[in-house]
Amino acid sequence: MKKTVLVTGGCGFIGANFVRLLLETRPDWQIINLDKLTYAGNLLSLEDISDQENYHFVKGDICDKGLLEKLFADHQIDTVVHFAAESHVDRSITGPAEFIQTNIVGTFTLLESAKKQWLDNGSGGTELCRFLHVSTDEVYGSLGATGLFTEETNYDPRSPYSASKASSDHLVRAYFHTYDLPILITNCSNNYGPYQFPEKLIPLVLNNGLQGKELPVYGDGGNVRDWLYVRDHCEAIALVVEQGVVGESYNIGGHNEMNNLQVVELLCAMLDEKVGMLPSGEPRTSLITFVNDRLGHDRRYAIDADKIDQQLGWTPKLTFEQGIDKTVDWYLANRVWMDSVMDGSYRKYYEKMYG
Ligand code: NAD
Ligand code: TYD
């Protein structure tokens, strides 16, 4: 079915992969990508598709009410897929203000604009309208050695990042219960894959490993995450937009728990095999450096993704072995992308591409 989708944060890691998925698999959908281009927004991640007819980029802030109202009205937006956020836990610990502003106030502003266009202006019924809020499993808190997060697990966020995402989830749900705004929420585990900013564990280790730099492992390296290939996450989101039940939340996960040291050691071995040992002849595991633990570091996240499997028929297509192999190959083949992030030149592309 034809849709006009406002994708927020489409120049970020998951957003860019999602825009690509839509262009490949839903060519009749119109895409408006609204992105503020913070440090995490990278136009180069979408450079090759930027002139496609059904893709339109707007530089702007989700906290800008006037801009949002204009976009909703001008483009007759019927679907929102909301990725835009401050997303890095470490940054939320040293500077939480932006997280409160974008993740909470921004989501509120977006909800208000959707409500105004779809409900208050009565622009033709909401049966086809959908507001999908992309969230994280971190809202559920930290697990011990056993157990899984289900959609019924109580929220227990423990970092400024996860608290800001939990707040936004609550606001989104409140707009459903109070106003009947047609919302959906997805809570996903850790993603990895192409176009991820190298502040996150996997691209950071790949980048440092290639350059022979230290590989920082927080604490004892025993913290556990569930890893999902980004394209699988994007396919789940598209499916929830099309077939999810309004008002519901869906957990999305990779059935793939690993501790951080296991992930880092695996990446070291893969790089050694694909590009050869370090110039010193040593393996890359020699670069592993245990550093001070993250404050309040959540020990373990693990997702029960049965609901989306049973109700919508989604399971990850790639195993971790397949996904991580594609990912390492992508970073090796796209050193130009990584170099432009590392030297900061990626930030100059707005003027080059849009004048
Ligand atoms: P990211 O940090 O790579 O990208 C965020 C994007 O949002 C950037 O392009 C940035 O420019 C944009 N942005 C930030 N503030 C904005 C604002 N005020 N207005 C407009 N645009 C703004 O993030 P990501 O890893 O792609 O995550 C996307 C979403 O998915 C986030 O909501 C995050 O909470 C959620 N999520 C991420 C993961 C993960 O593993 N990365 C897992 C589960 C959920
Ligand atoms: P990260 O990629 O920041 O994602 P999140 O904090 O949202 O899970 O971190 C993944 C795990 O890796 C987390 O337990 C923290 C750890 N980590 C390190 O050990 N070293 C690092 O340099 C980074 C960035 C993360």
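Return the long-range amide H neighbours of residue 217 (sequence gap of 5 or more, or a different chain), with a cut-off of under 5 Å between placed amide H atoms.
Residues meeting the amide H criterion: 289, 290, 291.
What does the net charge come to around residue 33 if you take all other residues with beta carbon closer than 12 Å to its beta carbon, with K and R at +1 and D and E at -1?
Working: positive: 20, 36, 59; negative: 35.
Around residue 33, the charge tally is +2.
Rounded if a/c is under 1.5, else prolate if a/b beats b/c, else oblate: with a ≥ b ≥ c from the C-alpha gyration tensor eigenvalues square-rooted, which is region 57-157?
Working: a/c = 3.09, a/b = 1.63, b/c = 1.90.
It is oblate, given that a/c is not under 1.5 and a/b is not larger than b/c.
So, counting K/R as plus one and D/E as minus one, what does the shell of residues with Cβ under 9 Å around residue 128 add up to?
Working: positive: 3, 130; negative: 78, 127.
Net charge in that neighbourhood comes out at 0.
Taking K and R as +1 and D and E as -1, what net charge do the other residues with C-beta under 12 Å from the C-beta of residue 228 add up to? Could you put the intermediate results ahead of the total?
Values: positive: 225, 231, 317; negative: 137, 226, 232, 235, 257.
Within the 12 Å Cβ shell, the charges total -2.
What longest range of the chain stays clear of loop-exposed trypsin sites (Lys or Arg not before Pro) (DSSP non-H/G/I/E/B, at most 14 other C-beta within 10 angstrom)?
Values: sites that count: 2, 213, 294, 299, 317.
So the longest stretch without any such site is 3-212.
Do any of 165/307; 70/165; 213/348; 36/116; 70/352; 59/348 go past 18 Å between their Cα atoms, and which? Mind dumping the intermediate values first?
Numbers: 165/307 21 Å; 70/165 26 Å; 213/348 26 Å; 36/116 22 Å; 70/352 25 Å; 59/348 13 Å.
Result: 165/307; 70/165; 213/348; 36/116; 70/352 exceed 18 Å.
Please identify, among 188, 63, 11, the residue showing maximal mean-square fluctuation in a Gaussian network model of the chain using a 10 angstrom Cα cutoff.
Of 188, 63, 11, the Gaussian network model singles out 63 as fluctuating most.
Could you tell me the center-to-center distance, by alpha carbons, between region 127-190 and region 17-41 in angstrom?
For region 127-190 versus region 17-41, the Cα centre distance is 22 Å.
If R0 is 41 Å, what FRET efficiency do you get for residue 350 and residue 146 from their C-beta distance, rounded to 0.05?
Details: r = 48 Å, r/R0 = 1.16.
So the FRET efficiency works out to roughly 0.30.
Please give me, ordered by residue number, the chymotrypsin sites (Phe, Trp or Tyr not before Pro) of region 25-119 that lie in loop per DSSP and have at most 14 other Cβ atoms within 10 Å.
Passing sites in region 25-119 are 39.
If you rank 288, 303, 252, 32 by fewest surrounding Cβ atoms within 10 Å, what's the result? Walk me through the intermediate numbers first.
Working: 288 17, 303 25, 252 29, 32 21.
Ranking 288, 303, 252, 32 by Cβ neighbours within 10 Å, fewest first, gives 288, 32, 303, 252.
Relative contact order (percent) for the chain, with alpha-carbon contacts under 8 angstrom and 6 or more residues of separation? Present the calculation step by step, with values, prior to reporting the outcome.
Numbers: 638 pairs, mean separation 63.1, N = 355.
Across the chain, relative contact order equals 18 percent.
Bear in mind these aren't lab numbers, they're just calculated from the coordinates by the rules spelled out. Everything numeric here is computed off the predicted structure, so don't read it as measured data. Please note: Cβ atoms are built from the backbone with ideal geometry, for glycine as well, and neighbour counts cover all protein chains shown.
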